[in-house]
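Take a look at the structure below.
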Amino acid sequence: MTELDAALQRLRDAGYKITGARRAVLNALHESGGHITSSDIVERVKAHDPSVGRASVFRTLELLTSLSIIRPTYGESRAPSYVLLTAEGHHAHLICSNCKLVIELDDCHADQLLLELEERYHFQMSGHLWEFYGICEACARSDN
Ligand SMILES: [Zn+2]
Ligand SMILES: [Zn+2]
Ligand SMILES: [Zn+2]
């Protein structure tokens, strides 16, 4: 199942209809590979379906965020960019503080930690987003 199919399924499971706007926003996120700002999403959605307005894109982003289907990520900028979580609710990456390189981590290593946190706080997890900051190999080399 692709991230896109998983996302559509989670919307249906939560009792929401797949409207044109919802499908268009999820498509934009999927096609971009993630890390796309809301204004870029608005542009992509408009190119596909001019009938979907800016306001409904923003409403859709809020809904998808509240359902843990997507997450805003901030990096070091003020405008969030959005990513689709996997079917398991996972997203993790390394970000180079110098050149802004983003290395996506597809494997999830959170299992043990999630169990511990669920147990300790009696908290039911629906997803997680990890951002690790540092300096990438190329930047580390050019600095020396
Ligand atoms: Zn990422
Ligand atoms: Zn770098
Ligand atoms: Zn994970």
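The values are calculated or read from the model by the stated rules, or taken from the named source; none is laboratory data. All values derive from a computational prediction rather than experimental measurement. Note that we place each Cβ from the backbone using ideal geometry, even for glycine, and neighbour counts take in every protein chain shown. With ligands, DNA and RNA removed, areas are computed over all heavy atoms of the protein, side chains included. Shrake-Rupley method; radii C 1.70, N 1.55, O 1.52, S 1.80 Å.
Details
- Theoretical FRET efficiency, 1/(1+(r/R0)^6), r = Cβ-Cβ of S68 and E43, R0 22 Å, to 0.05: 0.30
- Mean residue ellipticity at 222 nm, helices only, the chain: -14000 deg cm²/dmol; runs of at least 4 DSSP H residues each add -39,500 (n - 2.57), and the sum is divided by the number of residues.
- Net charge over other residues, Cβ less than 12 angstrom from the Cβ of H128 (K, R count +1; D, E count -1): -3
- Cysteines without a disulfide-compatible partner [the chain; Cβ-Cβ under 4.7 Å]: C99, C108, C139
- Whole-percent carbon and sulfur share, accessible surface of the chain, 1.4 Å: 51 percent
- For region 28-139, relative contact order (Cα pairs under 8 Å, six or more residues apart, normalised by length) works out to 24 percent.
- GNM remark for the chain: springs join alpha carbons under 10 Å apart, and the peak mean-square fluctuation among L94, L117, L84 falls on L117.
- Normalised size of region 11-82, defined as Cα radius of gyration per 2.2 N^0.38 Å with N residues, equals 1.04.
- Annotation: the antiparallel percentage among DSSP beta bridges lying fully within the chain is about 60.
- Shape box of region 61-130 [Cα atoms, principal axes, largest first, Å]: 38, 27, 20
- Viscosity 1.306 mPa s, 10 °C: Kirkwood-radius Stokes-Einstein D of the chain over Cα pairs, µm²/s: 97 µm²/s
- On the basis of the beta-carbon distance and an R0 of 25 Å, A55 and Y16 show a calculated FRET efficiency of 0.90.
- Across the options A21, L63, G89, the greatest Cα extent toward the positive end of the charge dipole of the chain (unit charges at beta carbon of Lys, Arg, Asp, Glu) belongs to A21.
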